[in-house]
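Novice: What follows is a structure written as structure tokens; I'll ask about it next.
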Amino acid sequence: MTLRVLDPTFDGGQATQATVSRLPSLAGRTVGLLDNGKLNVDILLDHVETLLRSQHGVSTVVRLHKPDASRPVPEDVAKGFAACDAVISAVGD
Amino acid sequence: MTQLRSPSYDLADIVAVNDLYHRRGWTDGLPILPPTEELVQACLDATGLAPSAVIGVESVRQRPITAEKVAINAVMAGCLPAYMPVVVAVIKAICQPEFNLHGSTASTGGSAQFIVVNGPIRQRIGLNATHNVLANHSRANACIGRAIRLILINVLGCLPGQLDRSTLGHPGKFSFCIAEDEEDSPWTPLAQQRGISAGMSAVTVMAGESPHQTMNEWTRDPEEIVETFAAEIRHNMLTYSIWAGNYALIVPKQLRDLIATAGWQRRDIQEYVYRSARVVRRDWATVGKKQIVNLGKGADQRFSALRSPDDLLVIAAGGPAGGFGAIIPPWLGSRSQAVTQIIETL
């Protein structure tokens with residue numbers, strides 16, 4: 001006799017959010033960089049910004065700061081990225 | 001029987017079930033009980049909820065935790081249906097914004113959900129509050145705590161190295177659930193102190209680091225007894241995290257009796273620790289951290305372990321003999337706060 005057992009994992013069909021499609025290219029785009037407020041994140045994001053501009057042709061970079069690394073980004077901070085084509089939420093530590 | 005929606009697998013036997021579930025990363029490393037439709041339905045029935053009922057939502061990734069998934073993971077953990085009201089209450093508690101579920105479970109700091117159960121349900125389901133209270137013994141303690149871990153792994157994706165970035169973690173991440181010894185305590189139960197009506201069952205949950213055991217069997221002076229706990233908190237502030245928040249004290253019967261005989265109430269313990277568990281920035285030099293002594297507001301900057309006496313969760317638990325106690329430090333100060341939630345039974 002076999003055992004019929006149930007899957008314990010999250011069912012994606014219950015998701016309340018969906019992912020957007022990937023940008024075909026970053027050239028000429030505006031990219032947001034979210035600083036999570038941890039030590040050394042500025043060094044990491046300075047380097048990421050340099051790479052985005054020099055190797056991917058990103059035209060504008062918007063740098064914003066999250067006041068608390070362990071909590072969601074506040075609404076007013078998130079609104080600052082409204083003009084961005086993409087945002088990178090970085091984990092400096 | 002209501003319709004369960006989760007995908008199912010037909011497997012030869014319990015060994016095959018464990019092989020598949022371990023291989024897919026669906027366990028904590030220990031064997032699981034196969035979550036058959038019958039067992040899952042029995043656990044679901046004990047909640048009185050529909051399978052699709054959302055018990056809580058993890059707010060950062062907006063991920064709902066449904067009654068069906070809670071029941072499946074509870075069965076895997078070994079829970080009896082009678083434990084389900086406690087499991088459901090814990091999920092509700094940790095999904096409150098002040099608990100900061102995402103931060104406290106993803107962090108390198110590696111905390112676990114420390115659960116304290118109060119009220120009549122403790123005795124109905126056989127929760128242990130005495131001998132070896134922080135460790136093995138009762139099925140209810142072990143399986144309720146384990147169910148929460150499996151839900152985090154399977155529903156929220158808290159897999160070590162993936163969403164769970166703990167550097168070390170601690171053994172409480174397998175299970176970290178106790179009852180308070182209300183029948184042998186001089187104090188009002190913890191949940192009552194935190195606003196729950198007498199006679200109701202409730203859970204109090206905090207994102208806790210590993211317990212630090214203390215011992216003082218050489219005094220009857222309540223101040224000296226409590227000072228040993230405060231000293232361990234000060235030590236934790238220096239060696240681990242300076243930030244103020246909920247600390248739990250586990251006070252065993254031997255020490256409770258001495259404290260009560262001397263006329264101290266729970267509030268006296270909270271107020272003493274509030275005054276005593278303080279350090280100054282220069283103290284960091286004594287634990288190998290002199291590099292940060294002159295940062296912030298300088299070497300004289302003062303820090304308190306508690307934002308107020310109410311931050312201290314004083315819990316009556318442990319075996320009858322021995323002057324052993326424990327502090328359970330918060331994961332990261334008040335970034336995650338203890339939540340007390342009523343247990344609803346059918």
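Novice: Scan B:144, B:178, B:151 and give me the residue that is assigned to a strand (DSSP E or B) and of a type outside the set (S, T, N, Q).
Specialist: Only one candidate qualifies: B:178.
Novice: Something else: Output the residue which, of all residues in the range B:59-73 that are farther than 16 Å from residue B:8 by Cα and within 10 Å of another protein chain (Cβ to nearest Cβ), is surrounded by the fewest Cβ atoms within 10 Å (Cβ to Cβ).
Specialist: Here the answer is B:62.
Novice: Moving on. Only one residue in B:12, B:16, B:89, B:67 is touching a helix residue (DSSP H, G or I) at 6+ places or on another chain (Cβ under 9 Å) and of a type in the set (Gly, Ala, Ser), so which one is that?
Specialist: Criteria check complete, one pass: B:67.
Novice: Taking the range A:8-33 on its own, how many of its residues are within 15 Å of the chain's Cα centre (by Cα), within 14 Å of chain B (Cβ to nearest Cβ) and modelled with pLDDT of 95 or more?
Specialist: So the count comes out to 0.
Novice: Turning to a different aspect of this structure: In this structure, does residue A:44 turn out to be more than 14 Å from chain B (Cβ to nearest Cβ), of a type outside the set (Phe, Trp, Tyr) and under 22 Å from residue A:73 (Cα atoms)?
Specialist: For residue A:44, the condition - more than 14 Å from chain B (Cβ to nearest Cβ), of a type outside the set (Phe, Trp, Tyr) and under 22 Å from residue A:73 (Cα atoms) - is met.
Novice: Could you tell me whether the range B:306-323 includes any residue that is in contact with a Lys or Arg (Cβ under 8 Å, 6 or more places away or on another chain), in a strand (DSSP E or B) and within 28 Å of residue B:135 (Cβ to Cβ)?
Specialist: yes
Novice: Give the range B:199-232 a look and list any residue that's surrounded by 22 or more Cβ atoms within 10 Å (Cβ to Cβ), part of a helix (DSSP H, G or I) and of a type in the set (A, V, I, L, M), or say none.
Specialist: Listed by number, the residues that qualify are B:225, B:226, B:230.
Novice: Suppose the filter is within 14 Å of chain B (Cβ to nearest Cβ), among the polar types (S, T, N, Q) and in contact with a helix residue (DSSP H, G or I) (Cβ under 8 Å, 6 or more places away or on another chain); does residue A:70 pass it?
Specialist: yes
Novice: Here is a follow-up. When only residues in the range B:95-116 that are β-branched (Val, Ile, Thr) and crowded, with 21+ Cβ neighbours inside 10 Å count, which is nearest to the other protein chains (Cβ to nearest Cβ)?
Specialist: If we take residues in the range B:95-116 being β-branched (Val, Ile, Thr) and crowded, with 21+ Cβ neighbours inside 10 Å, then B:105 is nearest to the other protein chains (Cβ to nearest Cβ).
Novice: Note down all Cβ pairs under 6 Å where the first residue falls in the range B:117-128 and is exposed (fewer than 15 other Cβ atoms within 10 Å of the Cβ), the second is modelled with pLDDT of 95 or more and assigned to a loop (DSSP other than H, G, I, E, B), and they're at least six residues apart or on different chains.
Specialist: B:120/B:201
Novice: Among the residues that make up the range A:76-84, is at least one of them over 30 Å from residue B:65 (Cβ atoms) and either surrounded by 14 or more Cβ atoms within 10 Å (Cβ to Cβ) or within 14 Å of chain B (Cβ to nearest Cβ) (or both)?
Specialist: The answer is yes; a qualifying residue exists.
Every residue, every condition in (1) in contact (Cβ under 8 Å) with a residue 24 or more places away in the chain; (2) in contact with a His (Cβ under 9 Å, 6 or more places away or on another chain); (3) not in a loop (DSSP other than H, G, I, E, B), yes or no:
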residue	(1), (2), (3)
A:21	no, no, no
A:28	yes, no, no
A:39	yes, no, no
A:49	no, no, yes
A:72	no, yes, no
A:78	no, no, yes
A:82	no, no, no
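Novice: Would you please name the residue that is nearest to residue B:170 (Cα to Cα), looking only at residues in the range B:1-57 that are more than 10 Å from chain A (Cβ to nearest Cβ) and assigned to a strand (DSSP E or B)?
Specialist: Filtering the range B:1-57 for residues that are more than 10 Å from chain A (Cβ to nearest Cβ) and assigned to a strand (DSSP E or B), the one nearest to residue B:170 (Cα to Cα) comes out as B:56.
Novice: When residue B:79 is evaluated against the numbered criteria (1) surrounded by 24 or more Cβ atoms within 10 Å (Cβ to Cβ); (2) more than 9 Å from chain A (Cβ to nearest Cβ); (3) part of a helix (DSSP H, G or I), which criterion, by number, is the only one it fails?
Specialist: Evaluating residue B:79 over (1) surrounded by 24 or more Cβ atoms within 10 Å (Cβ to Cβ); (2) more than 9 Å from chain A (Cβ to nearest Cβ); (3) part of a helix (DSSP H, G or I) leaves (3) as the failure.
Novice: When you check residue A:91 against the structure, is it modelled with pLDDT under 95, within 17 Å of residue B:102 (Cα to Cα) and β-branched (Val, Ile, Thr), yes or no?
Specialist: yes
Novice: Look through B:249, B:346, B:313, B:258 and report the one residue that is surrounded by 16 or more Cβ atoms within 10 Å (Cβ to Cβ), over 22 Å from the mean Cα position of the chain (by Cα) and away from every other protein chain (no Cβ under 14 Å).
Specialist: The unique qualifying residue is B:258.
Novice: Scan the range B:233-245 and give yes if some residue there is in a strand (DSSP E or B), farther than 23 Å from residue B:132 by Cα and outside the structural domain of residue B:193 (by TED's automatic domain parsing), otherwise no.
Specialist: no
Novice: Can you tell me which residues in the range B:181-198 are assigned to a helix (DSSP H, G or I) and either closer than 13 Å to residue B:119 by Cα or under 17 Å from the mean Cα position of the chain (by Cα) (or both)?
Specialist: Matches in the range B:181-198: B:182, B:183, B:190, B:191, B:192, B:193.
Novice: While we're on this one: Among the residues of the range B:96-134, what is the count of those that are more than 11 Å from the chain's Cα centre (by Cα), part of a loop (DSSP other than H, G, I, E, B) and farther than 21 Å from residue B:75 by Cα?
Specialist: Final tally of qualifying residues: 13.
Novice: Got a sec? Which of B:251, B:314, B:293 is free of Cβ contacts under 8 Å to residues at least 60 places away in the same chain, among the aliphatic types (A, V, I, L, M) and outside the structural domain of residue B:117 (by TED's automatic domain parsing)?
Specialist: After applying the criteria, what remains is B:293.
The values are calculated or read from the model by the stated rules, or taken from the named source; none is laboratory data. Not measured: the values here are computed from a predicted model. Don't worry about glycine lacking a Cβ; one is built from the backbone with ideal geometry, like all the others, and counts go over all protein chains shown.
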